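Asker: Handing you this structure, nothing more for now.
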Amino acid sequence: MHTVDSLNRLGTETAFEVLARANALAAQGHSMINLGIGQPDFPTPQHIVEAGIKALRDGHHGYTPANGIPELREAVAADLESRAGRALDPGRVLIVPGGKVTMFFAITAFGEPGTEIIYPNPSFPIYESLINYTGAKPVPLMLKENDGFGFKAEDILSLITERTRLIVLNSPANPTGGVVAPEEIERLAEGLERHPDVAVLCDEIYSRILYGEHRHASLLAYPSLSERIILLDGWSKTYAMTGWRLGYSYWPESLVGKMTRLAVNSYSCVNAAAQHAGLAALNGPQDEVEKMRQAFDERRKAIVNGLNRIEGISCVEPGGAFYAFPNISETGFTAKQLEEGLLEQAGVAAIAGTSFGANGEGFLRLSYANSLENIKTALDRIESYLAEHRTSRTASA
């Protein structure tokens with residue numbers, strides 16, 4: 001059989017591969033602590049679950065509109081208005097089965113051979129995978145540890161050429177936990193006025209998971225950019241609904257009809273009961289969201305402090321999401337070597353920084369979406385593993 005070459009350019013998401021290997025080792029009797037997968041360890045809040053069950057019992061078993069049920073699109077627009085500080089049109093909301101759909105739609109809509117797409121590096125690996133799939137040139141925005149893995153507006157603006165079609169932004173960020181300062185978002189908005197043909201995909205899936213003095217800022221707040229901003233968000237991280245496969249996007253008026261037609265051609269519509277659960281999430285109490293955020297914050301402090309006590313490791317404090325991205329360059333291991341060693345010998349699942357781009361060498365991603373007890377045990381195992389290998393190297397020398 002002869003398939004298209006573009007399929008060979010697709011990458012993957014290593015976290016799922018590490019999860020499968022960790023589960024296999026656990027099934028063999030090995031003690032395993034998983035700090036690899038980016039998934040809240042909390043159950044979906046009960047009132048949301050009940051709304052999904054009620055929808056099934058009420059007979060919501062059929063197709064829905066391709067762009068989502070009207071009441072959910074209205075609720076999404078209302079929720080986004082609090083972020084944007086201006087009125088938004090529910091007709092530009094597209095309900096999708098998970099955040100990756102928005103990435104796929106946006107990147108394939110703008111990427112083709114001869115064009116360029118700017119994306120952060122290190123970052124969620126599907127960005128670069130899809131850019132390569134389209135044949136566009138991936139242009140990395142190199143995120144720096146000494147900037148807290150945020151970025152400066154001029155760093156992005158300096159990368160724009162006449163071939164640039166799309167910029168991908170992610171704040172708070174996976175895998176680093178970096179948060180872009182509101183003043184940099186404002187400078188970027190001003191700078192983009194000089195580049196009217198460039199669209200921006202804003203991945204804001206972690207926008208509700210912030211810590212300390214960090215505040216979220218969105219380009220959706222700037223009316224002058226309204227016809228160029230694509231917003232990606234959903235329920236997975238905020239409401240612990242990863243398995244419900246429910247996301248949403250907000251599109252320029254000129255694109256929403258085309259994206260809805262693309263939805264018709266691919267998945268038809270989103271699960272009906274899940275949409276009613278999503279409505280309950282947005283319109284219902286937000287207490288559980290805040291409880292989860294506070295728990296993540298406590299774990300964040302514990303994991304950062306613990307990592308910084310381990311010889312050979314240093315870790316900047318993440319401002320959002322639920323990931324630590326420690327620098328492991330002084331351990332003597334490459335990122336992939338340490339990922340493999342911790343998994344196979346220490347019983348700790350973590351993800352090599354290189355799984356998120358070449359700029360991730362020398363780093364490891366640890367998800368603190370796990371209990372404090374497990375995090376502390378994992379830190380002890382990491383410290384013991386590194387100490388043992390330092391002793392072995394000293395003895396062999």
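Asker: Restricting the search to segment 220-257, which residues are of a type in the set (Phe, Trp, Tyr), farther than 16 Å from residue 86 by Cα and outside any helix (DSSP H, G or I)?
Answerer: Across segment 220-257, the qualifying residues are 235, 239, 248.
Asker: Looking at segment 131-144, which of the residues that are without any contact (Cβ under 8 Å) to a residue 40 or more places away in the chain and touching a helix residue (DSSP H, G or I) at 6+ places or on another chain (Cβ under 7 Å) is surrounded by the most Cβ atoms within 10 Å (Cβ to Cβ)?
Answerer: 131
Asker: Restricting attention to segment 239-283, which residues are open to solvent by 60 Å² or more (accessible area, probe 1.4 Å) and more than 21 Å from residue 229 (Cβ to Cβ)?
Answerer: Hits for segment 239-283 are 243, 244, 245, 264, 265, 266, 271, 283.
Asker: Can you spot a residue in segment 181-194 that is in contact with a Cys (Cβ under 6 Å, 6 or more places away or on another chain) and not small (Gly, Ala, Ser)?
Answerer: No: segment 181-194 contains no residue that is in contact with a Cys (Cβ under 6 Å, 6 or more places away or on another chain) and not small (Gly, Ala, Ser).
Asker: Condition first: in a strand (DSSP E or B) and not hydroxyl-bearing (Ser, Thr, Tyr). Now tell me which residues in segment 97-136 satisfy that.
Answerer: Scanning segment 97-136 gives 116, 117, 118, 120, 121.
Asker: How many of the residues making up segment 274-293 are in contact with a Leu (Cβ under 9 Å, 6 or more places away or on another chain) and among the charged types (D, E, K, R)?
Answerer: 1
Asker: Something else: With the structure loaded, tell me whether residue 319 is in contact with a Leu (Cβ under 8 Å, 6 or more places away or on another chain) and open to solvent by less than 20 Å² (accessible area, probe 1.4 Å) or whether it fails that test.
Answerer: yes
Asker: Quick check: anything in segment 181-192 crowded, with 16+ Cβ neighbours inside 10 Å and either at positive phi or assigned to a loop (DSSP other than H, G, I, E, B) (or both)?
Answerer: There is at least one residue in segment 181-192 that is crowded, with 16+ Cβ neighbours inside 10 Å and either at positive phi or assigned to a loop (DSSP other than H, G, I, E, B) (or both).
Asker: Next up: Of the residues that make up segment 358-369, is at least one under 19 Å from residue 121 (Cα atoms), open to solvent by less than 10 Å² (accessible area, probe 1.4 Å), in contact with a Lys or Arg (Cβ under 9 Å, 6 or more places away or on another chain) and free of Cβ contacts under 8 Å to residues at least 60 places away in the same chain?
Answerer: no
Asker: From the set of residues in segment 326-357 that are out of contact with any Asp or Glu (no Cβ under 8 Å at 6 or more places or on another chain) and in a loop (DSSP other than H, G, I, E, B), which is surrounded by the fewest Cβ atoms within 10 Å (Cβ to Cβ)?
Answerer: For segment 326-357, the residue satisfying everything is 332.
Asker: Given the condition touching a residue at least 60 places away in the same chain (Cβ under 8 Å), open to solvent by 10 Å² or more (accessible area, probe 1.4 Å) and under 25 Å from residue 63 (Cα atoms), answer yes or no: does some residue in segment 119-127 qualify?
Answerer: No, segment 119-127 has no match at all.
Asker: OK, next. I'm checking my understanding of the structure. Among residues of segment 208-234 that are closer than 24 Å to residue 293 by Cα, free of Cβ contacts under 8 Å to residues at least 60 places away in the same chain and charged (D, E, K, R), which one is surrounded by the most Cβ atoms within 10 Å (Cβ to Cβ)?
Answerer: Checking each candidate, the answer is 215.
Asker: Quick one: in segment 78-89, of everything that is in a helix (DSSP H, G or I) and open to solvent by less than 40 Å² (accessible area, probe 1.4 Å), which residue is nearest to residue 65 (Cα to Cα)?
Answerer: Across segment 78-89, the extreme among qualifying residues is 80.
Asker: Something else now. Quick one: in segment 32-71, of everything that is touching a strand residue (DSSP E or B) at 6+ places or on another chain (Cβ under 7 Å) and part of a loop (DSSP other than H, G, I, E, B), which residue is surrounded by the most Cβ atoms within 10 Å (Cβ to Cβ)?
Answerer: Here the answer is 36.
Asker: Check residue 19 against each of (1) open to solvent by 50 Å² or more (accessible area, probe 1.4 Å); (2) outside any loop (DSSP other than H, G, I, E, B); (3) closer than 26 Å to residue 131 by Cα; (4) in contact (Cβ under 8 Å) with a residue 40 or more places away in the chain and name the one condition it does not meet.
Answerer: Only one criterion is unmet by residue 19, namely (1).
Asker: Assigned to a loop (DSSP other than H, G, I, E, B) and open to solvent by less than 20 Å² (accessible area, probe 1.4 Å): does that describe residue 94?
Answerer: No: the conditions fail for residue 94.
Asker: Please go through (1) over 26 Å from residue 111 (Cα atoms); (2) touching a residue at least 60 places away in the same chain (Cβ under 8 Å) for residue 294 and return the number of the only condition it doesn't satisfy.
Answerer: (2)
The values are calculated or read from the model by the stated rules, or taken from the named source; none is laboratory data. Small disclaimer: the values here were computed from a predicted structure and weren't measured. Virtual Cβ from ideal backbone geometry, glycine too; neighbours counted across all protein chains shown. Each accessible area value is taken on the protein alone, full model and side chains, heavy atoms only, with ligands, DNA and RNA left out. Shrake-Rupley method; radii C 1.70, N 1.55, O 1.52, S 1.80 Å.
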